Amino acid sequence: MAIVKHPPLPPPASPPANATSGPRPASPTSSTRSARSLWLLALAAAVFFCTGLGALDLWAPDEPRYAAIAEELRSARHGLRGLVLLHLNDAPYDQKPPLWFWLAAAFGLVGDRVDEVAARLPSALAGVASVVMTFGIARMLRFPAGSAWLAAGLLATSFRFVFTARRAQLDVLLCACELAAIAVFLLLETRRGGIESARRHPGWIAAFHGALGAAALVKGPVGWLPLGVLAVWLAWEGRLAALRKLTPAWAWLLSLGPIVLWITLASLLAPDGFVRDAVGTNVFARFFAGTSHARPFYYYLYQLPLDGLPWSPLWLAALPGLARTARRPQSRAPDVGRAATARLLVAWIGLAFVFFSLSAGKRGLYLLPIHPALALAAALAVGASRVRARRLAWAIGAVALVELGGALLVLPRLDAEKSPRPIAESIARHSEPGERVGLYGLRPLEGAIPYYGDRPVERLEERPDARAFLARGGRLILLREGAFESLRAHLALTPVDRFRSGRRTLVLARAHATAPPRPPPAP
């Protein structure tokens, strides 16, 4: 079957000067109005995402772990080496690239500590940027201003996005970087003569690849996924050869160079095996073998609709129509760019969904980068109906108020059960500065104890590990209540403190006097 080659997406339409003339450039008044809309949207999103970031503690496992790594970076306790090679508990950390941690450490310089606000600001500001860029992408795709506002609001208030944007997580920053790459691509496509003319604008090519490079510095090679999305869309349009115009040889230094340079420098500073663990274990093994968060292949079929509440019914209703529009020949579409827009959104959503479904390791937040595309699809389906748009706008406003109220009033009440701060502070009271504490089967708390209690920890997986820890002079072990009951007689443990309740009960235990003696401190 022959491939039909479609023209580039048209630029955003402007009001005609008269009945016979073509589109004319936007007037200064229109440009000013657009700029005001962007500033107003950015301000509203900043209030929504940034208000009360310190209202609750960092919740395990990810938040305190990431904050502890950023605090070790900010404190410069590892010198210049620590700027490249991340550390947790003074040991090299090979799980994630450094960009998010650099940002959190930079925000922590203001208050001389990476506190809850500093740790969450990278995500919150990335959330603001993502909402603004979704609005801008909608306008470049010729959405009416009202529909662009709806798309931005749907993204901002979908459950997974707003919850993650107010947490110390990496995925909203990844979403913002990938959105930036797509936005630059569309700017070249719709306002700079199409991708075929991209070589005339090397600055924008640099911005595109810089966004991809930043995304890779957040979470590794998955940051290059937009390049695959755009390649699929251009192939669908019969214009795949145009991608070469966007990818001159020098530009790869910006998209591939940062992550390659970081891995190279970190491997020179780290112990042997860093590259094997950072790349082999944390990228390939996690993807193919599910060494972390293993889920069945159909996991996202139910998880994505849950994460998109309350708007996932709109997504699901919009997708069939989007697919039908994407199959239309360009000449039959009611709007000259509508079919191409539908194909772009289908490629964006479909490629990412299939890619992450093939991965053995899955989490709901891994699909955050396609939430903007789903919001755009839902806003497109609402169309020009003023009644439907007005009702949806009121619903978005009501949901935003409920979500903000929940973040400020409800979630802090869960700190007693969710926060690791009381555990870490109790450990600090029962130990000496610098004394290592054993964590028996409690990897989720490896960052929380050093962050809130300023005590290093040692991971204990099996009974021999705990026995060896006590033989070396260790005194305190934190473990689940069931594990404590099975080990207390064998290891001569006495309970010191208990935390939480029910099946989540944790016990801080101390070795008996009959346990192996603690060696004297070094002179």
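The values are calculated or read from the model by the stated rules, or taken from the named source; none is laboratory data. Computed from a predicted structure; not experimentally measured. Ideal geometry is used to build each Cβ from the backbone, glycine not excepted, and the neighbour counts take in all protein chains shown. Surface accessibility is based on the protein's heavy atoms, side chains included, excluding ligands, DNA and RNA. Shrake-Rupley method; radii C 1.70, N 1.55, O 1.52, S 1.80 Å.
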Query - Filtered residues of segment 87-103 (kept if free of Cβ contacts under 8 Å to residues at least 60 places away in the same chain and either open to solvent by less than 30 Å² (accessible area, probe 1.4 Å) or under 18 Å from P450 (Cβ atoms) (or both)) - result: H87, A91, Y93, F101
Report task. Answer yes if at least one residue in segment 204-215 is at pLDDT below 95, open to solvent by 40 Å² or more (accessible area, probe 1.4 Å) and not acidic (D, E), and no otherwise. Result -> no
Requested in this report: Go through segment 472-510 residue by residue and tally those that are over 21 Å from E446 (Cβ atoms) and in a strand (DSSP E or B).
Outcome: 2
Query raised in the report: On the given criteria, is G213 of a type in the set (G, A, S) and either in contact with a Ser or Thr (Cβ under 6 Å, 6 or more places away or on another chain) or in a loop (DSSP other than H, G, I, E, B) (or both)?
Result: yes
Query raised in the report: Taking the condition open to solvent by 20 Å² or more (accessible area, probe 1.4 Å), within 21 Å of the chain's Cα centre (by Cα) and touching a residue at least 24 places away in the same chain (Cβ under 8 Å), does V132 pass?
Result: yes
Query raised in the report: Would you pick out the residues in segment 453-472 that are out of contact with any strand residue (DSSP E or B) (no Cβ under 6 Å at 6 or more places or on another chain) and open to solvent by less than 30 Å² (accessible area, probe 1.4 Å)?
Result: G453, P456
Query raised in the report: When both residues are 6+ apart or on different chains and their Cβ atoms are under 6 Å apart, which pairs have a first residue that lies in segment 60-81 and is assigned to a loop (DSSP other than H, G, I, E, B), and a second that is open to solvent by less than 40 Å² (accessible area, probe 1.4 Å) and of a type in the set (G, A, S)?
Result: A60/A448
Requested in this report: Run down A105, A138, A119, A129 and say which single residue is part of a helix (DSSP H, G or I) and within 15 Å of P369 (Cα to Cα).
Outcome: A129
Query - Conditions (1) among the β-branched types (V, I, T); (2) more than 29 Å from K96 (Cβ to Cβ); (3) under 26 Å from the mean Cα position of the chain (by Cα): number failed by T190 - result: (3)
Query raised in the report: Residues of segment 400-443 being in a loop (DSSP other than H, G, I, E, B) and either open to solvent by 40 Å² or more (accessible area, probe 1.4 Å) or closer than 13 Å to L56 by Cα (or both), which ones?
Result: S419, P420, H430, E432, P433, G434, R436
Query raised in the report: Which condition does A106 not pass, out of (1) open to solvent by 20 Å² or more (accessible area, probe 1.4 Å); (2) modelled with pLDDT under 95; (3) of a type in the set (A, V, I, L, M, F, W, C), if it passes all the others?
Result: (2)
Report task. Within segment 190-201, track down each residue that is surrounded by fewer than 19 Cβ atoms within 10 Å (Cβ to Cβ), in contact (Cβ under 8 Å) with a residue 40 or more places away in the chain and assigned to a helix (DSSP H, G or I). Result -> R191, E196, S197, R199
Query raised in the report: All but one of (1) in contact with a helix residue (DSSP H, G or I) (Cβ under 6 Å, 6 or more places away or on another chain); (2) part of a helix (DSSP H, G or I) hold for V114; which doesn't?
Result: (2)
